[in-house]
Amino acid sequence: MNEKFWAIDKEKQERIINAAIDEFSSLGYDKASTNNIVKNAGISKGLLFHYFGSKKKLYIYIYNYCFDLIMEQFKKSINFDETDIIKLLKEITIVKMQLIKVYPNIFNFFMSCFVDKSIDFKDDIDFVGDNRRNELMEKIFSNVDYSLFKDNVDVKRAVNSIRWTFEQYGNEYINNNKSNTIINPDEILEDINGYVEMFEVCYYK
């Protein structure tokens, strides 16, 4: 499936994928324009339909491609033996930022998928993937050692504060990419490590 698309060079593939992600995440499926997608991808409309056949098939392809890409990166980059939840959430944040660097709107696209009421073919989308994602998250957090937290700390609230902080950091990273702000990877890692150290002091024994 999509052999014609995979036969073209990687740079062109990424242009098309990003153009589709941006259009669908911004306008939703119904209002998204294939004219805008081909314009931003720098290809003809005929080529787009040559690769995918229809707008619906393009959407389904993009959804499954992005989902598989995220799962693959998580499996490749996350240490499943890690017991420290702060370090785990740090790893997840870094993986997200690596993906955003190549596909700036990839996570916005998924958010739009779940709230988009114009999609009348949801059964055709691989929502079995939700089960795959939940299984992966359970595997990632299966070895977490909550005894690392201080005895007087509300663990649930502490974990939420850590998670929300890193999620917000990821959101800022998305916004910086959109505005073409110059991003220094070393400064980002240093900043993230600063949060890790702060949380360890605040919450760990």
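The values are calculated or read from the model by the stated rules, or taken from the named source; none is laboratory data. Nothing here was measured: the structure is a model prediction, and the numbers come from that model. Methodologically, a virtual Cβ is constructed for each residue, glycine included, from the backbone with ideal geometry; neighbour enumeration extends over all protein chains shown.
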The stretch 138-158, residues that are surrounded by 13 or more Cβ atoms within 10 Å (Cβ to Cβ) and out of contact with any Leu (no Cβ under 8 Å at 6 or more places or on another chain): Lys139, Asn143, Leu148, Phe149, Val153, Val155, Ala158
Only residues in the stretch 154-172 that are under 14 Å from Tyr204 (Cα atoms) and touching a residue at least 12 places away in the same chain (Cβ under 8 Å) count as the first member; pair them with residues that are among the aromatic types (Phe, Trp, Tyr) and surrounded by fewer than 14 Cβ atoms within 10 Å (Cβ to Cβ), Cβ under 9 angstrom, at least 6 apart or cross-chain, and list the lot. Val159/Tyr146
Kindly list the number of the only condition in (1) touching a residue at least 40 places away in the same chain (Cβ under 8 Å); (2) surrounded by fewer than 17 Cβ atoms within 10 Å (Cβ to Cβ); (3) touching a Ser or Thr at 6+ places or on another chain (Cβ under 8 Å) that fails for Lys45. (1)
Sort out which residues of the stretch 19-46 are under 23 Å from Asp120 (Cα atoms) and of a type outside the set (Gly, Ala, Ser), and write them in order of number. Ile21, Asp22, Glu23, Phe24, Leu27, Tyr29, Asp30, Lys31, Thr34, Asn35, Asn36, Ile37
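Surrounded by fewer than 20 Cβ atoms within 10 Å (Cβ to Cβ), β-branched (Val, Ile, Thr) and within 14 Å of the chain's Cα centre (by Cα): which single residue out of Ile70, Ile94 fits that description? Explain how you work it out, then say what you get.
On the way: Ile70 fails: surrounded by fewer than 20 Cβ atoms within 10 Å (Cβ to Cβ).
Going through Ile70, Ile94 in turn, the sole match is Ile94.
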Do you know which of the residues in the stretch 149-205 that are aromatic (Phe, Trp, Tyr), part of a helix (DSSP H, G or I) and in contact with a helix residue (DSSP H, G or I) (Cβ under 8 Å, 6 or more places away or on another chain) is modelled with the lowest pLDDT? Tyr173
Take Lys75 and tell me if it is within 24 Å of Lys139 (Cα to Cα) and buried (at least 18 other Cβ atoms within 10 Å of the Cβ). no
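Here is a list: Ser25, Ser54. Which entry is surrounded by fewer than 17 Cβ atoms within 10 Å (Cβ to Cβ) and among the hydroxyl-bearing types (Ser, Thr, Tyr)? Break it down into steps so the answer makes sense when it comes.
Numbers: Ser25 fails: surrounded by fewer than 17 Cβ atoms within 10 Å (Cβ to Cβ).
Answer to the check: Ser54.
Residue-wise test of (1) under 20 Å from the mean Cα position of the chain (by Cα); (2) in a helix (DSSP H, G or I); (3) closer than 20 Å to Pro104 by Cα.
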site: Ile8; (1), (2), (3): no, no, no
site: Gln13; (1), (2), (3): yes, yes, yes
site: Asn36; (1), (2), (3): no, yes, yes
site: Lys39; (1), (2), (3): no, yes, yes
site: Gly46; (1), (2), (3): no, yes, no
site: Phe49; (1), (2), (3): no, yes, no
What are the residue pairs meeting all of these: first residue in the stretch 130-149, first residue more than 19 Å from Gln73 (Cβ to Cβ), second residue part of a helix (DSSP H, G or I) and small (Gly, Ala, Ser), Cβ atoms under 9 Å, and 6 or more apart or on different chains? Phe149/Ala158
Count, please, the residues in the stretch 133-162 that happen to be within 23 Å of Ile70 (Cα to Cα), among the basic types (Lys, Arg) and more than 15 Å from the chain's Cα centre (by Cα). 1
